[in-house]
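To start, the structure itself, in structure tokens.
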Amino acid sequence: MLSRSTAYLPAIDGLRALAVTAVFAYHFNPALVPGGYLGVDLFFVISGYLITLGLIEEHAATGQIGLRHFWLRRAKRLIPAVGALVLAMLALTALTDPVRLSTLRSEALATFVYVTNWYFVFREQPYFETIGQPSVLRHLWSLAVEEQFYLIWPIVLMLLLPRLRHSFVFMLILATAIASALLAYFLDIGGASLDRLYYATDTRASALLVGAALAFICKPVLGRRIGYTEEATIGALGIVGLVVAVDLFLFLDGSSTLLFRGGLELMTLTSAALIALCVRMEMPVTQLLGSAPLRWLGLRSYSIYLWHWPVVLLLPGALGLRDGTWQVLAPQIALTLLAAELSYQFIETPFRTGAIWQWRTEVARWPGLSRAGALAGAVAAAGGLLLLGGATIAARAPEPPPYLAVSNRSGIFVSDIPPAPAIAGSPVTPAAPLAIAPLPIATATRVPEPTVDAPDAVPPAAILEPQLASSGIQSSSSIAPTAMHGFVVGDPAADRPAAEIVTAVGDSVMLGSAYALARVFGVVDLDAAAGRSVDSVIRVLRDRADAGTLNTNVVIQIGNNGIIRDDELHLLLDFLAPDHRVFLVNVRVPRPWEAPNNALLARVARRYPNTVLVDWHAASDGKTNLLYDDHIHLKPEGAAFYAGLIAAAAAAGRTPDS
């Protein structure tokens with residue numbers, strides 16, 4: 001454990017306050033503090049430093065490391081507060097949204113055994129991307145990483161410290177941290193998914209290990225003089241570190257190519273410099289970090305971190321406000337601090353100090369509380385827990401909404417009925433398949449907007465989906481052509497030139513437009529799946545190119561599920577240029593990443609002569625009748641409108657004699 005002289009470092013609590021503020025700001029609105037999620041890395045370095053410092057001092061004082069005592073302290077510090085959060089979220093979900101209880105059940109179990117990060121990796125639930133409501137427990141991935149570290153690290157030090165010099169242990173830890181960073185780098189350039197890189201313990205351990213290495217070379221000496229050279233060096237590094245940390249919080253967003261190619265490592269080293277400043281020197285910046293308001297926040301940073309995410313996620317809907325707006329900020333801050341203070345005072349502190357075991361005596365002294373009343377209260381609490389446990393265990397997975405009834409489609413859709421009358425006001429008449437000419441320089445100019453007066457122009461998914469499901473139709477590679485309601489799902493007919501076939505790749509928005517696209521293009525080779533990210537689209541297109549099934553004309557929609565990384569978009573369009581004609585559809589999604597994604601799509605599309613931006617966002621503005629209640633997915637009439645818009649952009653690129 002930490003010695004009496006180093007048991008409390010006020011400025012470290014100031015760093016915790018800085019970290020949790022950055023994370024809160026990021027979750028409130030990523031567009032305001034794009035790199036605020038890096039506060040977690042600051043937490044990691046602080047944890048690695050303090051835990052290792054305590055274990056080193058314990059070994060120096062006693063010649064051993066008490067594993068049982070260490071793990072018991074960690075359990076008392078962490079488990080009661082997170083357990084209260086999980087139970088509260090289960091109860092709230094059971095009362096307000098019981099259909100989500102089955103999903104939350106699995107996440108709660110992963111939380112209690114501290115494998116939440118791996119649960120999200122294997123379930124492919126990205127941190128930066130989501131089109132539906134994220135999990136209220138998603139932020140607990142970082143606690144899982146720390147707990148796994150706490151489980152293994154004292155054993156490692158118990159084996160190393162008696163056998164090796166501290167300098168050698170320091171070098172070994174530093175080498176392991178570098179290996180973790182290199183693993184993340186090579187996985188990133190190898191195309192690993194962002195959730196694998198972001199959540200996994202092996203790729204995130206570098207921050208904890210750098211903090212651990214720092215504990216061997218930077219012991220707290222506050223109140224004692226240090227050498228002038230060391231003082232000047234640490235002071236300069238600390239000030240630079242503070243500036244760099246703020247810059248990273250403001251500018252290193254989750255879409256940056258630098259994230260796993262030096263960005264996280266820069267934040268880790270910056271955090272180490274700040275810790276060195278806080279534990280070795282007293283100067284104005286450390287006095288500010290150790291000031292009473294920041295100490296108050298830092299002492300409650302664990303409880304604030306636990307409660308802020310559910311509050312940020314759920315409160316806007318409860319108040320009828322859009323998330324990420326200033327109107328909801330004050331209530332979110334107030335409720336977060338209230339919940340955190342209650343957790344800190346009545347759960348976290350009593351369990352950590354052992355005062356919880358004195359509550360029975362204190363409760364017995366409450367005026368007017370009889371033994372029977374206390375017993376009745378205990379029985380009621382136990383009964384409530386049993387009811388909650390039973391409801392959680394018995395919960396069944398909810399039926400998906402209509403627009404997500406099918407999670408993916410991959411096949412060729414052919415309209416085999418005579419062309420329907422044109423959608424009223426649309427510049428495109430569903431007719432013979434389009435032969436699309438080479439495109440002019442890409443432009444973000446809006447194409448003419450179709451209007452929708454004939455919602456039955458495209459067969460409703462509610463009619464088609466059950467018949468598709470009953471027919472077992474999933475992929476054109478495994479079934480013969482099948483006609484139903486005027487559409488064939490299967491072989492597109494051998495006599496159709498490749499130039500007449502459109503390849504469409506996208507996410508769940510495009511998923512709902514399969515039949516509408518077939519109606520306006522005549523034939524469409526579609527590959528769409530819910531939750532699809534940019535890297536997934538790139539893999540699909542590369543696989544199709546390798547298999548020889550990627551057609552000349554390609555329609556792509558990306559960006560509904562999260563931030564688009566600039567390098568990924570360039571990689572995608574570089575791959576398709578110049579042999580393919582690309583129709584890049586932007587997004588309408590009421591999420592903080594809508595505006596930056598659309599700006600990036602417009603800016604990058606202009607650089608590629610073979611690419612046209614289809615402005616779905618502008619064309620659908622104000623047309624709420626086209627969308628389901630989530631304001632993202634397409635109703636049948638919305639699918640017709642969406643397909644007509646894309647076809648209008650394609651028609652604008654026809655040759656004069658087409």
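The values are calculated or read from the model by the stated rules, or taken from the named source; none is laboratory data. Fair warning: this is a prediction, and the values are worked out from it, not measured in the lab. Please note: Cβ atoms are built from the backbone with ideal geometry, for glycine as well, and neighbour counts cover all protein chains shown.
Might you let me know whether region 242-249 holds any residue that is touching an Asp or Glu at 6+ places or on another chain (Cβ under 9 Å), without any contact (Cβ under 8 Å) to a residue 24 or more places away in the chain, exposed (fewer than 14 other Cβ atoms within 10 Å of the Cβ) and assigned by TED's automatic domain parsing to the domain that holds Tyr26?
So far as region 242-249 goes, no, none of its residues is touching an Asp or Glu at 6+ places or on another chain (Cβ under 9 Å), without any contact (Cβ under 8 Å) to a residue 24 or more places away in the chain, exposed (fewer than 14 other Cβ atoms within 10 Å of the Cβ) and assigned by TED's automatic domain parsing to the domain that holds Tyr26.
Which number in (1) touching a residue at least 40 places away in the same chain (Cβ under 8 Å); (2) touching a helix residue (DSSP H, G or I) at 6+ places or on another chain (Cβ under 7 Å) marks the one condition that Ala602 misses?
The number of the failed condition is (2).
Which of the following residues is crowded, with 16+ Cβ neighbours inside 10 Å, outside any helix (DSSP H, G or I) and among the hydrophobic types (A, V, I, L, M, F, W, C): Ile65, Ile46?
Of the residues listed, the single one that is crowded, with 16+ Cβ neighbours inside 10 Å, outside any helix (DSSP H, G or I) and among the hydrophobic types (A, V, I, L, M, F, W, C) is Ile65.
Of the residues in region 197-229, how many are surrounded by fewer than 15 Cβ atoms within 10 Å (Cβ to Cβ) and more than 29 Å from Leu143 (Cα to Cα)?
The total comes to 8.
Can you name every residue in region 541-567 that is assigned to a helix (DSSP H, G or I) and either in contact (Cβ under 8 Å) with a residue 40 or more places away in the chain or crowded, with 22+ Cβ neighbours inside 10 Å (or both)?
Arg544, Asp566, Asp567, listed by residue number.
Yes or no: region 279-286 includes at least one residue that is acidic (Asp, Glu), over 21 Å from Ile563 (Cβ atoms) and in contact (Cβ under 8 Å) with a residue 40 or more places away in the chain.
yes
Evaluate the following for Ala618: is it surrounded by fewer than 22 Cβ atoms within 10 Å (Cβ to Cβ) and under 23 Å from Leu550 (Cα atoms)?
It is false that Ala618 is surrounded by fewer than 22 Cβ atoms within 10 Å (Cβ to Cβ) and under 23 Å from Leu550 (Cα atoms).
Each row is one residue, and each column tells you yes or no for (1) in contact with a helix residue (DSSP H, G or I) (Cβ under 9 Å, 6 or more places away or on another chain); (2) surrounded by 22 or more Cβ atoms within 10 Å (Cβ to Cβ); (3) not in a loop (DSSP other than H, G, I, E, B).
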site	(1), (2), (3)
Pro590	no, no, no
Asn597	no, yes, yes
Arg607	yes, no, no
Val612	yes, yes, yes
Gly622	no, no, no
His631	yes, no, no
Phe641	yes, yes, yes
Gly644	yes, yes, yes
Ala647	yes, yes, yes
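For the subset of region 622-654 comprising residues that are of a type in the set (Val, Ile, Thr) and within 18 Å of Glu594 (Cα to Cα), which member is farthest from the chain's Cα centre (by Cα)?
Here the residue is Thr624.
Suppose we filter Ile563, Ile501, Ile556 for residues that are in contact with a strand residue (DSSP E or B) (Cβ under 9 Å, 6 or more places away or on another chain) and modelled with pLDDT of 85 or more; which single one remains?
Going through Ile563, Ile501, Ile556 in turn, the sole match is Ile556.
Restricting to region 325-372, count the residues that are at pLDDT below 70 and either small (Gly, Ala, Ser) or under 30 Å from Leu313 (Cα atoms) (or both).
4
Could you check region 74-120 and list, in sequence order, the residues that are of a type in the set (S, T, N, Q) and within 19 Å of Trp307 (Cα to Cα)?
Hits for region 74-120 are Thr93, Thr96, Thr111, Thr116, Asn117.
List the residue pairs whose Cβ atoms are under 8 Å apart, where the first residue sits in region 633-654 and is within 15 Å of Gly506 (Cβ to Cβ), the second is basic (Lys, Arg) and outside any helix (DSSP H, G or I), and the two are 6 or more positions apart or on different chains.
Pairs that qualify, where the first residue is within 15 Å of Gly506 (Cβ to Cβ) and the partner is basic (Lys, Arg) and outside any helix (DSSP H, G or I), are Gly638/Lys623.
Residues checked against (1) at pLDDT 90 or above; (2) within 17 Å of the chain's Cα centre (by Cα); (3) not assigned by TED's automatic domain parsing to the domain that holds Trp71:
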{"site": "Met89", "(1), (2), (3)": "yes, no, no"}
{"site": "Leu95", "(1), (2), (3)": "no, no, no"}
{"site": "Gln125", "(1), (2), (3)": "no, yes, no"}
{"site": "Gly132", "(1), (2), (3)": "no, yes, no"}
{"site": "Trp141", "(1), (2), (3)": "yes, yes, no"}
{"site": "Ala144", "(1), (2), (3)": "yes, yes, no"}
{"site": "Arg165", "(1), (2), (3)": "yes, no, no"}
{"site": "Ala179", "(1), (2), (3)": "yes, no, no"}
